[in-house]
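Each remark here refers to the structure printed beneath this line.
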Amino acid sequence: MVYQGVIERYRKYLPVNKNTPVVTLYEGNTPLLPADNLKKYLQKNLNLNLNLNLYFKCEGFNPTGSFKDRGMTVAVSKAKEEKAEAVLCASTGNTAASAAAYAAKAGIKCIVLVPSGKVALGKLSQALIYGAKVIAIDGNFDQALKLAREICEKNSQPKADPPRVEITLVNSINPYRIEGQKTAAFEIIDVLGKAPDYQFMPVGNAGNITAYWKGYTEYRNFKFQISNYKLEKKKNLQSAICNLQLPKMMGFQAEGAAPIVKGYPINKPKTIATAIRIGNPASWEGAVKARDESGGVIDTISDKEIIQAYKLLASTEGLFVEPASAASVAGLIKYIKKGFFSSLVTRRSLLVIVCILTGHGLKDPKQAIKISLKPKIVSAKLNSVLKEIGI
Ligand code: F0G
């Protein structure tokens, strides 16, 4: 059957029923790409001598260019089922783009609150062209989210003034968003046949790390029930043990926007990775739970390290991601340099690592141009062009 998006693919694990109108742009089913060139680079330049299978989960291949579409298909479908007139979100850009697209498809209004001047050009252009009402807040993402919550709370009161319009908040505090986003973990297990040993990913508002952890644990439990059933029948102990494994969640926040690492909210978060420029994550507890239950870490990465990984991904793998997405690879490089994996060499034969690449590079073209050599202008003559090529 033709692929029809994450709701149809994983319907039995999602809070939908036969009356839910499925609003989909056929999101999900994104490639899990072997990172062979990056692996060679790490072996050569960082003396990495692990028996390693390294993969990228390319979430920028989703319909609006980021992982947000997985959660938005569920959130907007449920909003439509519940007869919402509009959806609302605060966003550093990708949630806004995704909400706007799915609302357009659903035929409902969309309002987005974004931090003025801090949203990458591609994301802003998406929200506008999909027809959302875009409001630029003279403040940061955390302030925009606070306002979005207030608007939706006020509106849900029966005697609201002005009169009540059904507005649904579609930030990741909406549980349907987390439900949809957990399907990325399902896909990884479906491709690998098991969960990876480590998963590296950026952390901003912390919904995604929360969703992945939920996905891995739920899918593991489900598969474990099946394998237990098989175990009784076949006495196949090996398959039962294999299905017990869960990944260690390795989350990375930008140094200037690292509230979870520091242990307190940051009033003025700063980073070039605007997607994760967040000082008080809504899913803070979920991220801590994912870290602690998995035995992983949440750590910082500097803007310089993010940009290095950003360039490396493009130049070695042909993968153009947005700066925030490169935080996963920057985190991996930081941990290899720290010797984090050295002690594992003797213990394990093969290590499987997945880096989540959350958003497409074309979201933020200014950043790519800013750090690259500008094209030289030459006259329209064959000799001049050959001279510039150096032939
Ligand atoms: N990567 C990208 C490309 C993002 O857009 C975001 C978050 C993250 C990583 C972090 O994910 O918030 O679930 O921890 N973007 C949100 C937005 C905040 O409004 O688009 P998270």
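Here are a few things to note about the model shown:
- Of all residues in region 78-102, those satisfying the criterion of being in contact with a Ser or Thr (Cβ under 9 Å, 6 or more places away or on another chain) and within 11 Å of the ligand (Cβ to nearest atom) are C89, S91, T92, G93, N94, T95, A97, S98, A99.
- Once region 45-61 is narrowed to residues that are open to solvent by less than 10 Å² (accessible area, probe 1.4 Å) and not in a helix (DSSP H, G or I), the residue that is nearest to A127 (Cα to Cα) is C58.
- Flag: V191 matches the condition of being touching a residue at least 24 places away in the same chain (Cβ under 8 Å) and either out of contact with any Pro (no Cβ under 8 Å at 6 or more places or on another chain) or more than 8 Å from the ligand (Cβ to nearest atom) (or both).
- Note on region 235-259: among residues that are polar (S, T, N, Q) and not in a loop (DSSP other than H, G, I, E, B), the one that is modelled with the highest pLDDT is Q253.
- Residue within region 149-168 that is within 14 Å of the ligand (Cβ to nearest atom) and crowded, with 21+ Cβ neighbours inside 10 Å present: no
- Apart from one condition, A75 fits all of (1) in contact with a Gly (Cβ under 9 Å, 6 or more places away or on another chain); (2) of a type in the set (A, V, I, L, M, F, W, C); (3) open to solvent by 10 Å² or more (accessible area, probe 1.4 Å); (4) away from the ligand (no atom under 11 Å from the Cβ); the exception is (3).
- Scanning region 337-391 for residues being more than 27 Å from L33 (Cβ to Cβ) and in a helix (DSSP H, G or I) gives a total of 9.
- Within region 80-135, the residues that satisfy the criterion of being free of Cβ contacts under 8 Å to residues at least 60 places away in the same chain, part of a strand (DSSP E or B) and open to solvent by less than 60 Å² (accessible area, probe 1.4 Å) are C110, I111, V112, L113, V114, V134.
- Single residue of I209, I173, I178 found to be open to solvent by 50 Å² or more (accessible area, probe 1.4 Å), at pLDDT 95 or above and within 14 Å of the ligand (Cβ to nearest atom): I173
- Candidate set from region 266-302 (those that are within 15 Å of the ligand (Cβ to nearest atom) and over 18 Å from the mean Cα position of the chain (by Cα)); member that is least open to solvent (accessible area, probe 1.4 Å): P269
The values are calculated or read from the model by the stated rules, or taken from the named source; none is laboratory data. Everything numeric here is computed off the predicted structure, so don't read it as measured data. Ideal geometry is used to build each Cβ from the backbone, glycine not excepted, and the neighbour counts take in all protein chains shown. Surface areas here come from the heavy atoms of the whole protein model, side chains and all, with no ligands, DNA or RNA. Shrake-Rupley method; radii C 1.70, N 1.55, O 1.52, S 1.80 Å.
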